[in-house]
Amino acid sequence: MSEESSVWRAPTVLVTVGTTRFESLIDALGTAAVLRELRYGWQCEALVVQYGTGRAPAFVAAAKALGMRVTAVAYVDDLRALQERADVIISHAGSGSIFEALHLHKPLVVVVNEALADNHQWELAEALAEQGHLLAARCADLLPTLRAVRDTHWVPLSPPVSGVLTEVLRSELWDVVADASVPPR
């Protein structure tokens with residue numbers, strides 16, 4: 001995505017719900033207004049939807065009628081490959097999915113599953129959104145969040161710090177293993 005370009009283009013959009021059920025995200029994605037925003041606001045040509053254990057999206061025909069190619073799958077063997085090909089990722093708020101997408105430096109919209117009992121997902125999504133790494137949304141505000149993507153300045157996630165932390169963890173783990181292997185007297 002070029003900063004010089006005045007037209008927002010996201011020809012390939014990946015939507016992923018992970019390994020669970022998140023039908024409220026799939027339902028929000030399938031509204032006529034959201035599909036129109038993806039097609040005309042984002043210039044989306046290909047929509048890839050990984051829907052997990054939930055039901056397959058019912059909006060495939062509507063998206064195709066707008067001129068989008070749609071691929072809907074329950075699971076994929078190589079999510080990373082789909083993330084690499086995507087121009088924008090719309091994801092559930094699982095920490096693994098969030099950090100995988102951020103390390104690829106892709107624009108990321110994270111949608112929190114409010115049906116979960118412990119809403120730690122919102123805390124993580126909100127903290128990363130405040131730092132400019134992603135946009136966080138609830139299903140009810142998916143459309144305005146998608147509209148905001150075009151005007152968002154994305155802050156890349158810094159690479160992980162290896163070195164000091166790695167050495168401390170390795171040292172602590174070595175101490176635990178060494179203590180466990182010494183027979184009691």
Set 40, 51: member being under 17 Å from residue 20 (Cα atoms) and of a type in the set (Phe, Trp, Tyr): 51
Selected residue (criterion: farthest from residue 121 (Cα to Cα)) from residues of region 52-101 that are touching an Asp or Glu at 6+ places or on another chain (Cβ under 8 Å) and of a type outside the set (D, E, K, R): 67
Positions within region 24-50 being in contact with a strand residue (DSSP E or B) (Cβ under 6 Å, 6 or more places away or on another chain) and not aliphatic (A, V, I, L, M), in sequence order: 44, 50
Residue 101 over 18 Å from residue 31 (Cα atoms), in contact with a strand residue (DSSP E or B) (Cβ under 6 Å, 6 or more places away or on another chain) and surrounded by 13 or more Cβ atoms within 10 Å (Cβ to Cβ): yes
Residues of region 73-100 that turn out to be part of a loop (DSSP other than H, G, I, E, B) and either closer than 24 Å to residue 116 by Cα or in contact with a helix residue (DSSP H, G or I) (Cβ under 8 Å, 6 or more places away or on another chain) (or both), as a count: 5
Given (1) touching an Asp or Glu at 6+ places or on another chain (Cβ under 9 Å); (2) closer than 21 Å to residue 24 by Cα, index of the condition residue 44 fails: (2)
Selection status of residue 136, more than 12 Å from the chain's Cα centre (by Cα) and surrounded by 14 or more Cβ atoms within 10 Å (Cβ to Cβ): no
Residue list for region 102-123, filter: over 23 Å from residue 84 (Cβ atoms) and either assigned to a helix (DSSP H, G or I) or acidic (Asp, Glu) (or both): 114, 118, 120, 121, 122, 123
Boolean, residue 93 is under 21 Å from residue 134 (Cβ atoms), out of contact with any Ser or Thr (no Cβ under 7 Å at 6 or more places or on another chain) and crowded, with 16+ Cβ neighbours inside 10 Å: yes
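Each value in this text was obtained by applying a stated rule to the coordinates, not by laboratory testing. None of the values given here were measured: they were computed from a predicted structure. Glycine gets a Cβ as well: all are built from the backbone with ideal geometry, and neighbour counts include every protein chain shown.
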